[in-house]
Amino acid sequence: MAPPMERFVALSCINVGVGPGGTTNLLARVALVDYRGDVIFEKYVKPTSPVTDFRTAATGITPELLSSADAWTFDMIQQHVANLLVGKILVGHCLWNDLAVLGLPHPTVDTRDVALYMPFRNALKSTTVVGLRTLLWLLMNRRCQEGQLHPVENARASLDLYRSEETRWEMAISSANWPCLLPPSTFSRCYL
């Protein structure tokens, strides 16, 4: 039996780059949606380090967006998201990346990561992580991420993929047959 839909929340984060060459991720925008895809929370994040690559072509993020009065500090975002995740089942794609930039752990048993779900990987005959855009297109014949990355769109896409397999997924879990691979071991701090 599936948990009540009120327990589900989908998360997606958009990052900018810091450090030499802008290769280190820094949280710049976060969104959470409920089981129906309605936005629970969406905010830009004031940078905690100098941004060396806004990745504007892909993210649409500019210095003005991150310094606006509407952007929250990282500490405010982290605390607010942590409160929203208490007791929730977290849905997303490559959740370890989102949890890492948020600096938050979440119980493994309460995650539903579409990037790690074995039936998706088996259907695509893939041994590696498949991007959200590719998963959505090949499994649902639906497009996403055609322009700039948008965290609400990504969270909804992950949720739609989860819901397409929800019954099988939850039956596997309830029969003690975890249907997902483990996230990369370097991100073990993101899971309880």
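The values are calculated or read from the model by the stated rules, or taken from the named source; none is laboratory data. Given the structure is predicted, the values throughout are model-derived calculations rather than measurements. Here the Cβ positions follow ideal geometry from the backbone for every residue, glycine too, while neighbour counts run over all protein chains shown. Ligands, DNA and RNA are stripped out before the accessible areas are found, and what is left, the full protein with its side chains, is counted by its heavy atoms. Shrake-Rupley method; radii C 1.70, N 1.55, O 1.52, S 1.80 Å.
A few remarks follow.
- Selection from region 1-38 of residues that are over 11 Å from the mean Cα position of the chain (by Cα), open to solvent by less than 20 Å² (accessible area, probe 1.4 Å) and of a type in the set (A, V, I, L, M, F, W, C): PHE8, VAL16, VAL18, LEU27, ALA28
- Residue count for region 54-67 under the criterion of being in contact with a helix residue (DSSP H, G or I) (Cβ under 8 Å, 6 or more places away or on another chain) and surrounded by 15 or more Cβ atoms within 10 Å (Cβ to Cβ): the result is 2.
- Those residues of region 51-64 which are in contact (Cβ under 8 Å) with a residue 24 or more places away in the chain and on the phi < 0 side of the Ramachandran plot, in sequence order: VAL51, THR52, ASP53, PHE54, ALA57, ALA58, THR59, ILE61
- Lone qualifier among LEU84, LEU65 - being at pLDDT 95 or above and under 20 Å from VAL152 (Cβ atoms): LEU84
- Top-ranked residue of region 39-53 - restricted to ones that are touching a helix residue (DSSP H, G or I) at 6+ places or on another chain (Cβ under 7 Å) and of a type in the set (S, T, N, Q), ranked as surrounded by the most Cβ atoms within 10 Å (Cβ to Cβ): THR52
- When residues of region 68-88 are limited to those that are free of Cβ contacts under 8 Å to residues at least 40 places away in the same chain and touching a strand residue (DSSP E or B) at 6+ places or on another chain (Cβ under 9 Å), the one most open to solvent (accessible area, probe 1.4 Å): ASP70
- Within this structure, ARG112 fails the test of being more than 19 Å from PRO3 (Cβ to Cβ) and among the basic types (Lys, Arg).
- Set side by side, the residues PRO47, PRO119 differ, and just one is touching a residue at least 24 places away in the same chain (Cβ under 8 Å) and under 17 Å from VAL18 (Cα atoms), which is PRO47.
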